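The values are calculated or read from the model by the stated rules, or taken from the named source; none is laboratory data. None of these values were measured; they are calculated from a predicted model. In this analysis, Cβ positions are derived from the backbone assuming ideal geometry, glycine residues included, and neighbour counts consider all displayed protein chains.
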Amino acid sequence: MASKNTICLWYDNDALDAATFYAQTFPDSAVGAVHRAPGDYPAGQQGTILMVEFTVMGIPCLGLNGGPGVQHNEAFSFQVATNDQAETDRLWNAIVGNGGQEKECGWCRDRWGLSWQITPRVLMDAVTGTDRAAAKRAFDAMLTMKKIDVAAIEAARRG
């Protein structure tokens, strides 16, 4: 890999499937080199896919087929800033509809256990704005949601 810093994500022998899904779902994403194991290792045999280089929205990643020993959790997530409800729906529905799981406040988990925050820009603008009363209304509205409803956040912001 040419990048100085790469995110390494552990998979249970399906890193290529995950990388392919990300490349098909997110803009500026692609599957790069696929590396096969030069010898047997605890989670696989010589010749099996060991690592997959890929990018997700321009971020270099390495998928490691390390076996079932390590599970993803919310301590790491990709936060995706979306421009509107259509983009929010498309990404959310792609993740959840491909064996993923809805979580709260714009979070969802893909079928490999990786967490995603599908976050409309209007939400971030609302909760970080200088009008603290509007920020609280938008924040309180967000707390009632799974997938973020842009119109509801805008309405809450306006009061």
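Mind checking whether some residue in segment 69-87 is more than 12 Å from the chain's Cα centre (by Cα), within 27 Å of residue 52 (Cβ to Cβ) and hydroxyl-bearing (Ser, Thr, Tyr)? Yes, segment 69-87 contains at least one residue that is more than 12 Å from the chain's Cα centre (by Cα), within 27 Å of residue 52 (Cβ to Cβ) and hydroxyl-bearing (Ser, Thr, Tyr). Among the residues making up segment 13-48, those that are outside any helix (DSSP H, G or I) and in contact (Cβ under 8 Å) with a residue 60 or more places away in the chain are 14, 26. Taking the criterion of being out of contact with any Asp or Glu (no Cβ under 8 Å at 6 or more places or on another chain) and either without any contact (Cβ under 8 Å) to a residue 24 or more places away in the chain or over 24 Å from residue 92 (Cα atoms) (or both), the residues of segment 54-78 that qualify are 64, 69, 70, 75. The set of residues in segment 1-11 that are out of contact with any helix residue (DSSP H, G or I) (no Cβ under 7 Å at 6 or more places or on another chain) and surrounded by 16 or more Cβ atoms within 10 Å (Cβ to Cβ) comprises 9, 10. In segment 132-140 there is no residue that is surrounded by 14 or more Cβ atoms within 10 Å (Cβ to Cβ), closer than 28 Å to residue 71 by Cβ and not assigned by TED's automatic domain parsing to the domain that holds residue 19.
Here is the figure for segment 66-106: residues that are assigned to a strand (DSSP E or B) and closer than 20 Å to residue 10 by Cα total 4. Just one residue in the set 74, 87 is modelled with pLDDT under 95, among the acidic types (Asp, Glu) and closer than 29 Å to residue 154 by Cα; that residue is 74. Any chance segment 53-69 includes a residue that's in contact with a helix residue (DSSP H, G or I) (Cβ under 9 Å, 6 or more places away or on another chain) and on the phi > 0 side of the Ramachandran plot? Checked against the condition, which is being in contact with a helix residue (DSSP H, G or I) (Cβ under 9 Å, 6 or more places away or on another chain) and on the phi > 0 side of the Ramachandran plot, segment 53-69 yields at least one hit. Entry remark, segment 109-128: residues being within 8 Å of the chain's Cα centre (by Cα) and part of a loop (DSSP other than H, G, I, E, B) number 2 in total.
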